[in-house]
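J.: After the structure tokens below, expect a handful of questions from me.
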Amino acid sequence: LFYLVSGIALWYFIHESGIHSTITGVILAFLVPFDKGDDSSLSYKLQHGLHYIVAFGVLPLFALANTNLKIDTGWYATLLHPNSLGIIMGLVLGKFLGISAFSFLAVKMNLCSLPASFRWKHLFAVSILGGIGFTMSMFMTLLAFQDASLIDQSKIAILVASLVAGLTGYVSLRLSLGSDPPQLTGDDQW
């Protein structure tokens with residue numbers, strides 16, 4: 001409770017001073033006691049207690065809010081524009097083909113090997129998830145285009161492509177794993 005109250009106060013004062021208020025999180029992270037670093041420390045409890053909220057709530061909302069994405073009526077019509085189709089195909093199909101092909105080549109050239117219980121169907125399913133190139137694609141869009149309408153089109157295409165890749169990858173992974181997921185043992189663990 002002490003860290004919550006002092007954190008809110010610190011956030012307020014930093015925000016009012018004109019410094020970007022996200023610095024508050026960095027400062028608070030240094031102030032929370034680490035102790036021995038085991039599961040009884042406050043730092044450990046905070047990290048593990050907040051992990052799912054941050055990973056699946058705060059970060060996606062933060063990324064989406066920072067895109068300055070404008071979704072107007074008729075937004076879906078922009079998906080048929082050649083620029084949008086290129087982005088969607090590049091993220092959904094291009095990333096899958098690139099990751100799969102270069103992984104295949106690396107294995108065939110004996111540069112690496114698949115873990116013993118890992119099959120190509122698993123790699124292909126994971127490769128689909130590579131299309132979730134949301135934040136970097138948004139950044140590249142801002143660098144590549146000057147026209148505001150083209151930027152907005154691209155942002156919508158990136159969002160759609162990321163959703164398609166995420167959902168398709170999830171379904172593919174679930175189907176490829178079935179009820180008996182591969183178990184990494186011994187040398188297979190990273």
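The values are calculated or read from the model by the stated rules, or taken from the named source; none is laboratory data. A quick note: this is a predicted structure, and the numbers were derived from the prediction, not measured. Quick reminder, even Gly has a Cβ in these numbers, built from the backbone with ideal geometry, and neighbours come from all protein chains shown.
J.: Is it the case, given these coordinates, that ALA101 is aliphatic (A, V, I, L, M), farther than 30 Å from LEU142 by Cβ and in the same structural domain as LEU143 (by TED's automatic domain parsing)?
T.: When the stated conditions are applied, ALA101 does not pass them.
J.: For the list (1) free of Cβ contacts under 8 Å to residues at least 60 places away in the same chain; (2) assigned to a helix (DSSP H, G or I); (3) over 17 Å from MET89 (Cα atoms), I need the number of the one condition that MET140 fails.
T.: The failed condition is (3).
J.: Now for a separate question. Looking only at region 50-75, count every residue that is surrounded by fewer than 11 Cβ atoms within 10 Å (Cβ to Cβ) and not in a loop (DSSP other than H, G, I, E, B) and tell me the total.
T.: Residues that pass the stated criteria total 7.
J.: With respect to LEU129, determine if the residue is part of a helix (DSSP H, G or I), surrounded by 14 or more Cβ atoms within 10 Å (Cβ to Cβ) and either modelled with pLDDT of 90 or more or at positive phi (or both).
T.: So LEU129 fits the description; yes.
J.: Looking only at region 7-64, which residues are polar (S, T, N, Q) and out of contact with any Leu (no Cβ under 8 Å at 6 or more places or on another chain)?
T.: SER17, SER21, THR22, SER40, SER41, SER43, GLN47
J.: If I filter region 45-67 for residues that are farther than 30 Å from LEU142 by Cβ, touching a residue at least 12 places away in the same chain (Cβ under 8 Å) and over 25 Å from the mean Cα position of the chain (by Cα), do I get at least one hit?
T.: No, that holds for no residue.
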